[in-house]
1. Set the Förster distance to 25 Å, then compute FRET efficiency between Lys249 and Arg78 from the Cβ-Cβ distance, nearest 0.05.
2. At a Förster distance of 35 Å, what's the computed FRET efficiency of Ala122 paired with Arg57, Cβ-Cβ distance as r, to 0.05?
3. Give me the net charge for the shell around Glu120: Cβ to Cβ below 15 angstrom, other residues only, Lys and Arg +1, Asp and Glu -1.
4. In whole angstrom, how long is each semi-axis of the equivalent ellipsoid of region 41-254, when you take the square root of 5 times every eigenvalue of its Cα gyration tensor and sort them from largest down?
5. Regarding region 212-269, what are the three Cα extents along the principal axes, ordered largest first, in Å?
6. Around Ala76, under 14 Å between beta carbons, what's the net of Lys plus Arg minus Asp minus Glu among the other residues?
7. I need the phi-derived Karplus couplings for region 206-212: 6.51 cos²θ - 1.76 cosθ + 1.60, θ = phi - 60°, integer Hz, Gly and Pro marked x.
8. Using DSSP loop states and a limit of at most 10 other Cβ atoms within 10 Å to flag chymotrypsin sites (Phe, Trp or Tyr not before Pro), what is the longest stretch of the chain containing no flagged site?
Amino acid sequence: MPEVICQKWEESESEPGWGVTVRSDGYTLKDQALKAAHVGVGKSYLGPQEAPTPEERGVPAWTGTPEEAAKIIRAAMRHFGAATVGFIELDDNTRKLIYGVDPDGKELIFTDEEVASETEEARYIPNKCKYAIVYTVQMSQETMRRSPTQLGSQTTSLAYTRGEVIQASAQEFLRGLGYQCLGESSTNALGIAPALAVMAGLGELSRLNRLITPEYGPMVRVFKLLTDLPVATDKPIDAGIMEFCKRCKKCAEACPSESLSFLDEPSWD
Ligand code: SF4
């Protein structure tokens, strides 16, 4: 017999009309407890800034080749919980993937200043912080299948919470090496995640309009950071995903609102 509860919880834009009700299968007390259990550490552009710097330790900053830098950052971030990690260097084109304005209304401004800073109106990105670190966090397919229940939606919120912890840890790790690491000031801030992930070789865009990775399919969330530590960069990949999408079209057939394209080739229309 399913566990049935009767509980009042607040209505929200994404969950309209869920006032006093009786539900089961994805809405039980267990499911709501699971959703409420995710605890993050907060997000900020400049990071926690608590880890001792090399200067504070009285030693020089870490140095190594760009290949070594990419290797240790990837290893550290996978240790922190990232599923996959890729790197790109921002040029005139890829810099367009960084937002001009963050979700909270603050401008993102590239500057010749050496050190990143933040005011009430803007976040300043030193031009030298031209290396983007893009990472994914895997999500559970098993709980996502329970969408749109509480059990399903907690899949997403858990991934965002994990991304938050990984961001703060990466910012402190790079600070500890003697470098800057600029993060998302809030969820989905700083830049266009799927596009940066494609450029960093983490997967391909798909008919689903989501990143699909060779390892985890679309069951990931994507995050990004900027650093001034020169890293070896990655290239976009061809894993046959977009080619498969041209023939598959299952998501478009299943989409209740007919929002997904049936065109064989990608289009701007
Ligand atoms: S077309 Fe097929 S493979 Fe491509 S996103 Fe849709 S369901 Fe997945």
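The values are calculated or read from the model by the stated rules, or taken from the named source; none is laboratory data. These figures come from a predicted structure and were not determined experimentally. Glycine gets a Cβ as well: all are built from the backbone with ideal geometry, and neighbour counts include every protein chain shown. Areas reflect the complete protein model, heavy atoms only, side chains present, ligands, DNA and RNA absent. Shrake-Rupley method; radii C 1.70, N 1.55, O 1.52, S 1.80 Å.
1. Numbers: r = 34 Å, r/R0 = 1.36.
Approximately 0.15, to the nearest 0.05.
2. Numbers: r = 32 Å, r/R0 = 0.91.
The computed FRET efficiency comes out at 0.65.
3. On the way: positive: Lys106, Arg123; negative: Asp102, Asp104, Glu107, Glu118, Glu121.
That sum, taken over residues with Cβ under 15 Å, equals -3.
4. Numbers: eigenvalues 180, 69, 61 Å².
So the equivalent ellipsoid measures 30, 19, 18 Å along its semi-axes.
5. For region 212-269, the Cα extents along the three principal axes come out at 45, 26, 22 Å.
6. On the way: positive: Lys71, Arg74, Arg78, Arg175; negative: Glu68, Glu172.
My count for the surroundings of Ala76 gives +2.
7. 9, 4, 5, 6, 10, 5, 10
8. Numbers: sites that count: Phe262, Trp268.
Here the longest segment lacking exposed loop sites spans 1-261.
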